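A quick write-up on the structure given underneath.
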Amino acid sequence: MRSLLFVPADSERKLAKGLESGADVLLIDLEDSVALEAKAHARTVAAGFLKEARKQTERPRLYVRVNALDTGETEADLAAVMPMAPDGIMLPKSVAGRSVQQLDARLAVHEAQNDRPDGETRILIVATETAASVFNLGSYAGASPRLEGLSWGAEDLSADIGARATRDGSGGFTEPFRMARNLCLFGAVAAGAIPIDTVYTNFRDTDGLRREAEEALRDGFTAKMAIHPAQVPVINDVFTPSPDAISDARRIVDAFAAAGDPGVVGLDGEMLDRPHLRRAEKLLARARAAGLTAG
């Protein structure tokens with residue numbers, strides 16, 4: 001999972017275009033991109049799209065972003081899409097691990113009602129959209145075996161805290177949002193979940209997108225969300241390990257294995273310890289997930 005593309009659930013044209021975007025995951029959006037009066041129609045469109053798209057052998061993974069648990073819309077969303085067996089559900093405005101547990105319980109009921117295997121529906125969350133949620137980013141570890149990834153968001157958080165802007169004059173995030181980003185990264189890793197960077201809203205600025213994606217990769221994120229198909233190739237390129245990186249990681253893993261899996265090995269005149277091995281193993285796992293030969 002490198003790229004996750006948001007697509008409005010009420011647009012058949014955009015959904016079809018999303019299938020051809022090259023994104024690893026389509027986030028079929030029933031929340032922010034759909035007006036309240038259009039949500040019933042969007043559910044119908046989303047269900048029809050899921051039914052047909054699942055028939056394709058070569059397709060992205062299909063997740064549905066439902067409405068938040070406190071809106072009163074979540075159950076109607078699930079009732080519409082769960083019979084079509086989406087690969088997963090994205091929960092926005094998650095407050096804490098208990099939000100994931102509530103969604104887990106609902107998904108278990110829908111899976112049973114639709115004769116689907118228990119636990120097959122995965123969960124992604126947007127974990128920083130309220131001030132309260134930022135204090136709970138350490139609560140997701142052990143919340144649910146369904147939990148696959150944590151992402152963060154700036155726009156809803158800015159509205160909640162009353163920030164006048166999310167970015168400074170240079171285009172970087174201001175301090176409150178950098179803190180939310182960093183805590184999301186730590187919370188995701190602590191929970192054994194994929195750390196997913198937020199969207200870059202200026203979809204025409206591919207240089208800015210690449211710069212932000214490279215910074216995210218540098219810091220430990222392994223995926224990024226997109227709001228436009230044109231962003232997907234850039235994100236995939238940044239988050240796909242290069243042949244040289246794969247080769248270096250393979251050599252590190254092989255060196256530890258050849259030495260009997262010790263605490264420290266020497267390679268090319270450098271002493272490498274267990275953190276180097278863990279980083280190499282994670283990179284090779286990402287390469288395999290991207291369909292690359294990683295050994």
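Since every read-out is calculated from the coordinates, none of them should be taken as a lab result. Being a predicted model, the structure only gives us computed values, none of them experimental. We place every Cβ from the backbone using ideal geometry, glycine too, and count neighbours over all the protein chains shown.
Under a point spin-label approximation (7 Å from Cα along Cα-to-Cβ), what is the GLU75-LEU267 distance to one decimal in nm?
Calculated label separation equals 5.4 nm.
To check my understanding: the extent here is largest minus smallest coordinate of the Cα atoms along each principal axis. What are those three numbers for the stretch 142-295, in Å, largest first?
Largest to smallest, the principal-axis extents are 56, 34, 32 Å.
Give the value in nm², to one decimal: projected area of the alpha carbon convex hull of the stretch 82-220, averaged over all directions.
Value for the stretch 82-220: 9.0 nm².
Across all directions of projection, what mean area in square nanometres is found for the Cα convex hull of the stretch 22-131?
7.1 nm²
When DSSP assigns beta bridges and you keep just the ones with both residues in the chain, what percent turn out antiparallel, to the nearest 5? It would help to have the intermediate numbers written out before the result.
On the way: 5 of 34 bridges.
Of all bridge pairs located within the chain, approximately 15 percent are antiparallel.
Tabulate in residue order the Karplus-calculated ³J(HN,Hα) for the stretch 211-227, using 6.51 cos²θ - 1.76 cosθ + 1.60 with θ = phi - 60°, rounded to whole Hz; enter x for Gly and Pro.
4, 5, 5, 5, 5, 5, 4, 4, 7, x, 5, 10, 7, 8, 7, 10, 10
Determine which residues of the stretch 1-20 fall in the zone a paramagnetic label at THR44 would reach in this model, i.e. backbone nitrogen under 14 Å from the point 7 Å along Cα→Cβ.
Within reach of a label on THR44: 10-12.
Nearest 0.05, what FRET efficiency do ALA230 and LYS55 give at R0 = 22 Å with Cβ-Cβ as r?
About 0.25, to the nearest 0.05.
In the calculated pair distance distribution of the stretch 176-224, what percentage of Cα-Cα distances lie above 16 Å?
For the stretch 176-224, the fraction of Cα-Cα distances above 16 Å is 39 percent.
Determine how many Å³ per residue the convex hull of the Cα atoms of the stretch 241-294 encloses.
Details: hull volume 3.6 nm³, N = 54.
Looking at the stretch 241-294, the number lands at 66 Å³ per residue.
Rounded to the nearest 500 deg cm²/dmol, what is the calculated helix-only ellipticity per residue at 222 nm for the chain, with -39500 (n - 2.57) per DSSP H run of length n ≥ 4?
-13500 deg cm²/dmol
I want to check the label-to-label distance for ALA105 and GLU12. Put each point 7 Å from Cα in the C-beta direction and report it in nm to one decimal.
3.9 nm
How high is the relative contact order of the chain? Use alpha-carbon pairs under 8 Å, at least six apart in sequence, and give a whole percent.
The value is 15 percent.
Going by C-beta contacts inside 10 Å, put HIS41, HIS276 in order with the fewest on the left.
So the residues, fewest neighbours to most, are HIS41, HIS276.
Under the Karplus relation 6.51 cos²θ - 1.76 cosθ + 1.60, θ = phi - 60°, what is the ordered set of whole-Hz ³J(HN,Hα) values for the stretch 74-87, x standing for Gly and Pro?
Each residue's phi maps through the Karplus curve to give 4, 5, 5, 4, 5, 4, 7, 9, 5, x, 8, 6, x, 5 Hz.
Holding the Cα-Cα limit at 21 Å, pick out from LYS55/LYS93; LYS55/LYS282; LYS14/LYS55 the pairs that are longer than that.
LYS55/LYS93; LYS55/LYS282
If I model a spin label as a point 7 Å beyond the Cα along the Cα-Cβ vector, how far apart are those points for ALA35 and MET179 in nm?
Label at ALA35, label at MET179, 3.8 nm between them.
Roughly how big is the chain's charge dipole about its Cα centre, with Cβ charges of +1 (Lys, Arg) and -1 (Asp, Glu), in debye to the nearest 20?
Numbers: 35 positive and 43 negative charges, 63 e Å.
So the dipole magnitude of the chain works out to roughly 300 debye.
Quick one: which of 21-28, 178-185, 239-246 comes out on top by average Cβ neighbours within 10 Å, and what's the full order, highest first?
21-28, 178-185, 239-246
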